[in-house]
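Undergrad: My structure is below; once you've seen it, I'll send some questions.
The values are calculated or read from the model by the stated rules, or taken from the named source; none is laboratory data. Only a predicted model underlies this, so the values are computations on that prediction, with no experimental measurement involved. As a convention, Cβ positions derive from the backbone with ideal geometry for all residues, glycine included, and neighbour counts pool all protein chains shown.
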Amino acid sequence: MFEYKRIALAVSLVLMTSACSEAPKEDATTAAETTQTAAAEASTQQDTQQTESEKANELFEDIFMQSVMRSPMFQSYLGIEEDQDKWDDISEERAQEDLALQKENLAKVMAIDESKLNEQTRISWMLMKQQLEHDIEDFKWRHHNYPVNQMFGMHSSVASLLINQHGIDEVDDAEDYIARLNGLPGLFDQLAENLRLRAEKGIIAPKFVYPYVISDSKNIITGAPFDDGEASALWADFTKKVAELDIDESQYNELMSAAEQAMLQSVKPAFENLIAVVEDLEEQATTKDGAWKLPNGEAFYNNALKRTTTTDLTADEIHEIGLSEVERIHDEMRVIMEKVGFEGTLQEFFVHMRNNEDFIYPSTPEGRKRYMDEATAFIDSMRGRLDELFLTKPEADMIVKAVEPFREKSAGKAFYQQPSMDGTRPGIYYANLYDMAAMPTYQMEALAYHEGIPGHHMQIAIQQELEGIPSFRKFGRYTAYSEGWGLYTEFLPKEYGFYEDPYSDFGRLAMELWRAVRLVVDTGIHDKKWTREEGIDFYVTNTPNAKSDAVKMVERHIVMPGQATAYKIGMNKILELREKAKAELGDKFDIREFHDVVLRNGPVPLNILEQFVNDYIAEKKS
């Protein structure tokens with residue numbers, strides 16, 4: 001874009017010189033020839049750019065679709081039905097194949113002449129190059145993770161995918177669902193091998209992880225047709241979907257019989273075998289929690305921080321940022337504490353908020369429905385104000401949904417699921433209502449904004465709908481960017497009259513405080529060798545959240561080293577860039593334009609986002 005502007009400006013200057021000249025006729029002729037030559041050169045250069053850019057974007061699309069088509073599960077998340085009768089190949093052999101492909105693809109990307117690309121394609125080239133380089137560099141860390149844990153893993157994701165992503169609109173879809181049920185033994189055999197490989201290297205999840213995994217796995221094979229109880233989650237899902245098909249009774253009975261057989265002969269033994277493997281690992285597990293315990297753990301964790309934050313911040317620097325932010329937010333909370341007339345220390349106020357039943361809806365169907373209704377109302381209210389804040393808005397819809405019972409015990413308190421690629425399946429804000437004490441109403445508003453609107457739904461749905469950028473950018477993720485945006489959008493509504501209730505505003509601060517504490521505890525556990533209990537104590541002492549919240553969060557830190565540092569680092573950068581734009585542009589600053597700058601290119605590393613904002617400022621000034 002800027003290269004084209006420079007060419008146009010050069011041509012314009014030549015034309016202006018020609019038009020204003022009072023030189024003799026032969027000089028005017030020379031000027032005209034110069035003008036034509038410059039225009040022709042500019043046109044040739046533009047054609048070359050387009051050709052090289054088109055070539056590059058075609059390659060980016062090929063690389064992205066190669067990745068998609070090698071993952072039947074990713075296809076399902078995107079709404080593609082090509083291989084919906086299969087699961088991913090998670091074998092070590094496939095990992096080696098993927099590495100070879102990444103090296104081949106990097107060579108193809110490097111063969112592109114970057115100097116001939118237009119600006120947007122140059123950004124794509126740089127991001128693709130970096131992504132492939134990181135994937136290749138990080139191959140040595142591929143076993144430094146826990147494939148089954150309380151946050152994620154095949155043991156829970158297979159059921160979640162079937163229930164939430166595998167639609168049944170015709171008989172073929174039902175048959176594919178059954179094929180996937182029958183494919184679980186093979187998938188779980190590969191999973192068991194992955195766990196064995198890690199165990200040989202001394203990479204075994206801490207002891208607390210295994211009861212969660214075993215419980216979740218048993219939940220999936222509890223109930224009909226596995227026993228005499230109520231319908232299991234998978235059976236209820238399949239039954240409901242098939243019942244909506246327009247088929248005759250014999251077809252219906254045939255499908256139901258095949259599904260029942262698959263569940264009893266494939267699903268049940270697959271999970272039983274996995275549970276046995278996990279129970280064996282539990283016997284070997286210790287209570288050591290940090291990444292420091294892993295082979296070359298310090299280097300692994302430092303790399304994880306760089307990848308997550310897209311910065312060069314060290315563990316010590318992140319730890320200190322966290323401590324500073326905790327202190328600042330505590331001071332802001334004291335102001336609210338005085339406003340509501342509470343007499344006592346901040347820690348006493350935390351205990352008051354934690355134990356006040358007025359802020360906790362009952363653990364009943366009525367209490368849970370009330371929570372869902374009110375969370376939806378907050379989002380709907382924000383929908384009505386989007387024109388004040390955004391130039392670009394998503395086409396895809398968004399709904400609010402409770403986390404399913406089979407995974408609610410171990411799942412996070414809230415999360416967002418992206419819409420399908422074509423937008424026909426809406427984005428979903430999931431609220432986990434298993435423990436209502438962990439979902440206090442004073443945090444409800446901020447949580448709804450973060451996960452829904454104007455948070456993840458605005459960012460991710462807009463990202464998927466962008467035109468003129470390759471698919472890998474539409475569906476890619478940079479955690480610091482995405483979660484930084486989510487946390488930023490908890491704060492944003494306050495500037496536009498939301499959080500009228502001081503307790504709700506306290507909840508907003510409590511949510512931000514939670515992310516600041518994450519910086520302290522994540523680095524504490526993985527770099528400073530804090531124990532799980534020390535991490536929990538820091539949360540309980542410094543935040544108003546329920547202890548169950550603290551336990552879940554610390555356990556999340558342990559199995560996802562570095563991930564939780566992204567939120568606050570990302571938010572801080574977005575606010576820093578916004579304040580810079582405000583200061584330099586003054587009356588020319590438009591919040592809608594700033595948000596467009598942040599969102600219109602999809603997720604990027606924070607340093608690239610900074611360059612976008614700097615370009616925006618320079619362009620507005622000119």
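Residue-by-condition table, conditions (1) closer than 17 Å to D505 by Cβ; (2) loosely packed, with under 14 Cβ neighbours inside 10 Å:
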position: G341; (1), (2): yes, yes
position: T345; (1), (2): no, yes
position: E348; (1), (2): no, yes
position: H352; (1), (2): yes, no
position: I360; (1), (2): no, no
position: P365; (1), (2): no, yes
position: R370; (1), (2): no, no
position: D373; (1), (2): no, yes
position: E388; (1), (2): no, yes
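Undergrad: Sticking with this one: From the list E451, E483, E465, pick out the single residue that is surrounded by 24 or more Cβ atoms within 10 Å (Cβ to Cβ), acidic (D, E), under 20 Å from the mean Cα position of the chain (by Cα) and closer than 30 Å to N57 by Cβ.
TA: Result: E483 is the single residue among E451, E483, E465 that is surrounded by 24 or more Cβ atoms within 10 Å (Cβ to Cβ), acidic (D, E), under 20 Å from the mean Cα position of the chain (by Cα) and closer than 30 Å to N57 by Cβ.
Undergrad: Tell me the residue from I112, I168 that is closer than 30 Å to S215 by Cβ and either of a type in the set (K, R) or touching a Phe, Trp or Tyr at 6+ places or on another chain (Cβ under 9 Å) (or both), please.
TA: Matching residue, one of I112, I168: I168.
Undergrad: Out of all the residues in the range 280-289, is one or more without any contact (Cβ under 8 Å) to a residue 40 or more places away in the chain and over 21 Å from L181 (Cβ atoms)?
TA: The answer is yes, given that some residue of the range 280-289 is without any contact (Cβ under 8 Å) to a residue 40 or more places away in the chain and over 21 Å from L181 (Cβ atoms).
Undergrad: Looking at (1) on the phi > 0 side of the Ramachandran plot; (2) in contact with a strand residue (DSSP E or B) (Cβ under 9 Å, 6 or more places away or on another chain), which one does V278 not meet, given that it meets all the others?
TA: Condition not satisfied by V278: (1).
Undergrad: Could you figure out which of (1) without any contact (Cβ under 8 Å) to a residue 24 or more places away in the chain; (2) under 30 Å from P185 (Cβ atoms); (3) out of contact with any Lys or Arg (no Cβ under 8 Å at 6 or more places or on another chain) isn't true of E58?
TA: Against the list (1) without any contact (Cβ under 8 Å) to a residue 24 or more places away in the chain; (2) under 30 Å from P185 (Cβ atoms); (3) out of contact with any Lys or Arg (no Cβ under 8 Å at 6 or more places or on another chain), E58 comes up short only on (2).
Undergrad: Then there's this: Taking the conditions exactly as written (touching a Gly at 6+ places or on another chain (Cβ under 9 Å) and modelled with pLDDT of 95 or more), does A259 satisfy them or not?
TA: Against the criterion (touching a Gly at 6+ places or on another chain (Cβ under 9 Å) and modelled with pLDDT of 95 or more), A259 does not qualify.
Undergrad: Only residues in the range 236-249 that are outside the structural domain of F406 (by TED's automatic domain parsing) and modelled with pLDDT of 95 or more count as the first member; pair them with residues that are buried (at least 19 other Cβ atoms within 10 Å of the Cβ) and of a type outside the set (A, V, I, L, M, F, W, C), Cβ under 7 angstrom, at least 6 apart or cross-chain, and list the lot.
TA: As it stands, the answer is F238/Y177, since those pairs meet every condition given.
Undergrad: I would also like to ask the following. So in the range 202-232, with the set limited to residues that are among the small types (G, A, S), buried (at least 18 other Cβ atoms within 10 Å of the Cβ) and under 22 Å from Y146 (Cβ atoms), which one is farthest from the chain's Cα centre (by Cα)? Give the steps one after another, and end with the answer.
TA: From the range 202-232, those among the small types (G, A, S) are 202, 205, 215, 217, 223-224, 229, 231-232; that's our starting set.
Narrowing further to those that are buried (at least 18 other Cβ atoms within 10 Å of the Cβ): 205, 217, 223, 232.
Still in the running and under 22 Å from Y146 (Cβ atoms): 205, 217.
Details: A205: 23, S217: 25 Å.
So the residue we want is S217.
Undergrad: Residues in the range 158-178 that are surrounded by fewer than 18 Cβ atoms within 10 Å (Cβ to Cβ) and farther than 21 Å from P419 by Cβ: how many?
TA: Number of matching residues: 4.
Undergrad: With a cut-off of at least 3 residues that are assigned by TED's automatic domain parsing to the domain that holds E395 and at pLDDT 95 or above, name the helices (runs of 4 or more DSSP H) lying wholly within the range 455-573.
TA: Values: elements: 462-465, 471-474, 479-491, 502-526, 532-542, 547-559.
Here the list reads 479-491, 502-526, 532-542, 547-559.
Undergrad: Let me ask something else about it. What are the pairs with Cβ atoms under 6 angstrom where one residue, in the range 301-321, is in contact (Cβ under 8 Å) with a residue 40 or more places away in the chain and the other, located anywhere, is assigned to a loop (DSSP other than H, G, I, E, B) and crowded, with 18+ Cβ neighbours inside 10 Å? Sequence gap at least six, or different chains.
TA: Listed by first residue and then by second, the contacts come to Y301/P561; A304/P561; A304/G562; L305/G562; T308/G562; T310/Y478; T310/P605; A315/D527.
Undergrad: Mind checking which residues of the range 459-516 are closer than 23 Å to N356 by Cβ and of a type in the set (S, T, Y)?
TA: Within the range 459-516, Y499, Y503, S504 qualify.
Undergrad: Next question, about the same structure. If I ask for residues that are under 20 Å from R473 (Cα atoms), of a type outside the set (S, T, N, Q) and buried (at least 17 other Cβ atoms within 10 Å of the Cβ), which ones from the range 99-134 would you list?
TA: Scanning the range 99-134 gives L106, V109, I112, L117, R122, I123, W125, L127, M128, L132.
Undergrad: Here is a follow-up. Among (1) touching a Ser or Thr at 6+ places or on another chain (Cβ under 6 Å); (2) in a loop (DSSP other than H, G, I, E, B), there is one condition E82 misses while meeting the rest; what is its number?
TA: (1)
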